[in-house]
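Trainee: This is the structure, below, for whatever I ask next.
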Amino acid sequence: MERILLKNLIHTFSIDLVNWYSKNKRKLPWRDTKDPYKIWLSEIILQQTQIIQGLPYYVNFITNYPNVQALSEASENEILKMWEGLGYYSRARNLHKTAKIISKDLKGIFPVTYKELIKLPGIGDYSASAISSFSNNEVVSVVDGNVYRFISRLLGIKTLINTPKSLKEFKAVTMKLILKDNPRDFNQAIMEFGALVCRPATPLCNGCIFKDNCYGYQNDMVFNFPIKNRKNKIRNRFFNYLVFKSVDNQTIIEKREKKGIWQNLYQFPLLETDKLIDNKEIIKHIKTLKFLKRIGSIQLFNNQNVIHKLSHQKISISYWIVNVKIIKSKSTSLDKINSYPFPKPLSNFLSIFKWQ
């Protein structure tokens, strides 16, 4: 099918695509700049995130950290707090690491070539391609989920897209299609077309300018592409958060320092179990803790456990409110708790829980 595309479309596809883009593109702040810092920031925020959700975060970051130097001078806690609710927190940690490297090792000069960018934390093939193309007009094709979907439907490519082989294949195809004199607009256009026209569940095939040459449309197989591996088995976990409140308005929070979900974010003391547990088991556990003096009432805040789904995990969460007289270990004042970065389930809890 690639041969047919190269024979019939290679001379018109890219021009038609960029012309469509010039008329239909969405107005987004990172498209009005060639500043690699702003483009990098937008690309990292929008990984695994829809534009409507990521846009406010982008604006907030640019407002607070207008350049890479300002971002590098922030603390990791500040970065994680601003990232709160966006998920995939390794992106934020790598954002901070990269800012420090550029500020210190590269003397504040943001790299704009693929070869330089790919060496930095949190920047893979897609991000390096996007940043170098959009800021420096480098001739390198961008392959994201939208491109996989659009090109696989158009050409009938049956390669599994979540394999290393697929990236090499799709890069080779798109590099044959890319406009050598305008890679910036070509890459923006091919992703935008996938997002607005060749959509996952509701593609606008009838209005598609490529439908006459689309393998998926012509063979009534649009929804057969792209082809993916079966999803990994979901791991079920049960989190019991112990929300302590002392008479002098103190509580206990701890930092998740081990690798895994929510690394370096804060939480209330956690008891993880292999199933839902009741009040008796919580009391039994609390009695083993040495930092408490005189336990008062213990009650479950949520009658139904909160379900938080991640890509390969399903977490059932219970919040146990524990009133105590005195906390003998290091505690945190309730009036300072909102300055710490928490995972989304806990920030949601804190937004509705009344301490008094």
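The values are calculated or read from the model by the stated rules, or taken from the named source; none is laboratory data. These figures come from a predicted structure and were not determined experimentally. Virtual Cβ from ideal backbone geometry, glycine too; neighbours counted across all protein chains shown.
Trainee: What do you reckon, is Ala70 in a helix (DSSP H, G or I), of a type in the set (Gly, Ala, Ser) and surrounded by fewer than 16 Cβ atoms within 10 Å (Cβ to Cβ)? Give the steps one after another, and end with the answer.
Mentor: Numbers: in a helix (DSSP H, G or I): yes; of a type in the set (Gly, Ala, Ser): yes; surrounded by fewer than 16 Cβ atoms within 10 Å (Cβ to Cβ): yes.
Against the criterion (in a helix (DSSP H, G or I), of a type in the set (Gly, Ala, Ser) and surrounded by fewer than 16 Cβ atoms within 10 Å (Cβ to Cβ)), Ala70 qualifies.
Trainee: Say whether the condition of being touching a Ser or Thr at 6+ places or on another chain (Cβ under 9 Å), surrounded by fewer than 19 Cβ atoms within 10 Å (Cβ to Cβ) and within 30 Å of Lys34 (Cα to Cα) is met by at least one residue in the stretch 194-202.
Mentor: Quick first cut of the stretch 194-202, residues touching a Ser or Thr at 6+ places or on another chain (Cβ under 9 Å) only: none.
Taking every residue of the stretch 194-202 in turn, none turns out to be touching a Ser or Thr at 6+ places or on another chain (Cβ under 9 Å), surrounded by fewer than 19 Cβ atoms within 10 Å (Cβ to Cβ) and within 30 Å of Lys34 (Cα to Cα).
Trainee: Another question about this same structure. Among the residues of the stretch 232-276, how many are part of a loop (DSSP other than H, G, I, E, B), more than 21 Å from Asn305 (Cα to Cα) and not basic (Lys, Arg)?
Mentor: Here the count works out to 10.
Trainee: Let me ask something else about it. Return the residues of the stretch 217-230 that are more than 19 Å from Asp16 (Cα to Cα) and either of a type in the set (Asp, Glu) or in contact (Cβ under 8 Å) with a residue 40 or more places away in the chain (or both); say none if nothing qualifies. If you could, list the steps in order and put the result at the bottom.
Mentor: First, pick out the residues of the stretch 217-230 that are more than 19 Å from Asp16 (Cα to Cα): 218-230.
Asn219, Asp220, Met221, Val222, Phe225, Pro226, Ile227, Lys228, Asn229, listed by residue number.
Trainee: Out of Thr49, Thr113, report the one residue that is closer than 30 Å to Ile178 by Cα, surrounded by fewer than 18 Cβ atoms within 10 Å (Cβ to Cβ) and touching a Ser or Thr at 6+ places or on another chain (Cβ under 7 Å).
Mentor: Details: Thr49 fails: touching a Ser or Thr at 6+ places or on another chain (Cβ under 7 Å).
That would be Thr113, the only listed residue that is closer than 30 Å to Ile178 by Cα, surrounded by fewer than 18 Cβ atoms within 10 Å (Cβ to Cβ) and touching a Ser or Thr at 6+ places or on another chain (Cβ under 7 Å).
Trainee: Taking interchain pairs and intrachain pairs at least six residues apart, which have beta carbon atoms under 8 angstrom, with the first residue in the stretch 146-169 and on the phi > 0 side of the Ramachandran plot and the second part of a loop (DSSP other than H, G, I, E, B)?
Mentor: If the second residue must be part of a loop (DSSP other than H, G, I, E, B), the pairs left are Gly156/Met1; Gly156/Asn219; Gly156/Met221; Gly156/Phe225.
Trainee: Mind listing whichever residues of the stretch 73-115 are over 20 Å from the mean Cα position of the chain (by Cα) and in a helix (DSSP H, G or I)?
Mentor: Glu73, Lys100, Ile101, Ile102, Ser103, Lys104, Tyr114, Lys115
Trainee: Assess whether Lys23 counts as being in a helix (DSSP H, G or I), among the basic types (Lys, Arg) and exposed (fewer than 12 other Cβ atoms within 10 Å of the Cβ).
Mentor: Details: in a helix (DSSP H, G or I): yes; among the basic types (Lys, Arg): yes; exposed (fewer than 12 other Cβ atoms within 10 Å of the Cβ): yes.
It is true that Lys23 is in a helix (DSSP H, G or I), among the basic types (Lys, Arg) and exposed (fewer than 12 other Cβ atoms within 10 Å of the Cβ).
Trainee: Among the residues of the stretch 199-231, which ones are outside any helix (DSSP H, G or I) and either basic (Lys, Arg) or within 30 Å of Gln313 (Cβ to Cβ) (or both)? Write out each step before concluding.
Mentor: Just the residues of the stretch 199-231 that are outside any helix (DSSP H, G or I), to begin with: 199-204, 208-210, 214, 219-221, 225-231.
Arg199, Pro200, Ala201, Thr202, Phe225, Pro226, Ile227, Lys228, Asn229, Arg230, Lys231 - these are the residues of the stretch 199-231 that are outside any helix (DSSP H, G or I) and either basic (Lys, Arg) or within 30 Å of Gln313 (Cβ to Cβ) (or both).
Trainee: Can you say whether Ser347 is within 30 Å of the chain's Cα centre (by Cα), part of a loop (DSSP other than H, G, I, E, B), closer than 28 Å to Gly260 by Cα and hydroxyl-bearing (Ser, Thr, Tyr), as far as the supplied structure shows?
Mentor: Numbers: within 30 Å of the chain's Cα centre (by Cα): yes; part of a loop (DSSP other than H, G, I, E, B): no; closer than 28 Å to Gly260 by Cα: yes; hydroxyl-bearing (Ser, Thr, Tyr): yes.
So Ser347 does not fit the description; no.
Trainee: Somewhere in the stretch 233-251, is a residue basic (Lys, Arg), in contact (Cβ under 8 Å) with a residue 12 or more places away in the chain and surrounded by 13 or more Cβ atoms within 10 Å (Cβ to Cβ)?
Mentor: Scanning the stretch 233-251 turns up at least one residue that is basic (Lys, Arg), in contact (Cβ under 8 Å) with a residue 12 or more places away in the chain and surrounded by 13 or more Cβ atoms within 10 Å (Cβ to Cβ).
Trainee: Another question about this same structure. Hey, does the stretch 45-60 have a residue that's among the aliphatic types (A, V, I, L, M), closer than 14 Å to Asn94 by Cβ and assigned to a helix (DSSP H, G or I)?
Mentor: Of the stretch 45-60, the ones among the aliphatic types (A, V, I, L, M) are 45-46, 51-52, 55, 59.
Okay, now just the ones that are also closer than 14 Å to Asn94 by Cβ, so 45.
Still in the running and assigned to a helix (DSSP H, G or I): 45.
So far as the stretch 45-60 goes, yes, one or more of its residues are among the aliphatic types (A, V, I, L, M), closer than 14 Å to Asn94 by Cβ and assigned to a helix (DSSP H, G or I).
Trainee: Please enumerate the residues belonging to the stretch 83-111 that are in contact (Cβ under 8 Å) with a residue 60 or more places away in the chain and under 23 Å from Leu55 (Cα atoms).
Mentor: Residues of the stretch 83-111 that are in contact (Cβ under 8 Å) with a residue 60 or more places away in the chain, as a first pass: 83-85, 87, 89-90, 93, 110-111.
Hits for the stretch 83-111 are Trp83, Glu84, Gly85, Gly87, Tyr89, Ser90, Arg93, Phe110.
Trainee: Exactly one of these conditions fails for Glu192: (1) of a type in the set (Asp, Glu); (2) assigned to a loop (DSSP other than H, G, I, E, B); (3) in contact (Cβ under 8 Å) with a residue 24 or more places away in the chain; (4) not assigned by TED's automatic domain parsing to the domain that holds Asn279. Give me its number.
Mentor: (2)
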